[in-house]
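The values are calculated or read from the model by the stated rules, or taken from the named source; none is laboratory data. Since this is a predicted model, take the numbers as computed values, not measurements. Cβ sites come from the backbone with ideal geometry, for glycine too, and all protein chains shown count toward neighbours.
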Amino acid sequence: MSENLRIAPNDNELSLEATAVLTLMLNSPGTDYVNEVDLCLVCENDSIKTIRRALSELTDKGYLLHIGDKYAVNKQRVTQMKLI
C-alpha cells in the first residue's frame with residue numbers, strides 16, 4: 001500500500017471548505033481534535049468565519065463531534081470515506 005494515501009470524505013454534497021477542513025483533520029497529525037482558533041492557525045489563509053461555517057456544516061452532517069470548545073472527528077464515519 002502506498003504511503004501517500006489520504007482519507008477523504010465521500011460526500012459530494014459537502015462544500016469545498018468543509019471537504020478541505022475534514023480532509024485536513026483526518027490526515028494531519030494533531031488536527032483531529034481542535035478548536036476554531038487552532039484550526040485557523042493551520043489554515044492561515046481562511047477567515048475564522050469560513051472555518052466556523054465549515055465546522056458547523058461538518059457537525060450538522062455528523063462528520064464532527066462538538067465537545068465544549070473542541071471539534072473531534074467522528075471516527076464512526078471514517079468507514080464511509082475513501083482513500084485517495
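Every residue, every condition in (1) touching a His at 6+ places or on another chain (Cβ under 7 Å); (2) in a loop (DSSP other than H, G, I, E, B); (3) not hydrophobic (A, V, I, L, M, F, W, C), yes or no:
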| residue | (1), (2), (3) |
| --- | --- |
| L22 | no, no, no |
| C40 | no, no, no |
| N45 | no, yes, yes |
| L58 | no, no, no |
| G62 | no, yes, yes |
| A72 | no, no, no |
| R77 | no, no, yes |
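I'm told L22 meets every condition in (1) out of contact with any Leu (no Cβ under 6 Å at 6 or more places or on another chain); (2) crowded, with 16+ Cβ neighbours inside 10 Å except one. Can you identify the failing condition by its number? Exception for L22: condition (1).
When you look at L16, is it within 12 Å of the chain's Cα centre (by Cα) and without any contact (Cβ under 8 Å) to a residue 12 or more places away in the chain, yes or no? The answer is yes for L16.
Is at least one residue of region 57-68 among the hydroxyl-bearing types (S, T, Y) and in contact with a Ser or Thr (Cβ under 9 Å, 6 or more places away or on another chain)? Looking for residues that are among the hydroxyl-bearing types (S, T, Y) and in contact with a Ser or Thr (Cβ under 9 Å, 6 or more places away or on another chain), one finds none in region 57-68, hence no. For G62, are the conditions met, namely being touching a residue at least 12 places away in the same chain (Cβ under 8 Å) and small (G, A, S)? So G62 fits the description; yes. Filtering region 1-17 to residues that are at pLDDT 95 or above, exposed (fewer than 10 other Cβ atoms within 10 Å of the Cβ) and assigned to a loop (DSSP other than H, G, I, E, B) leaves only E13.
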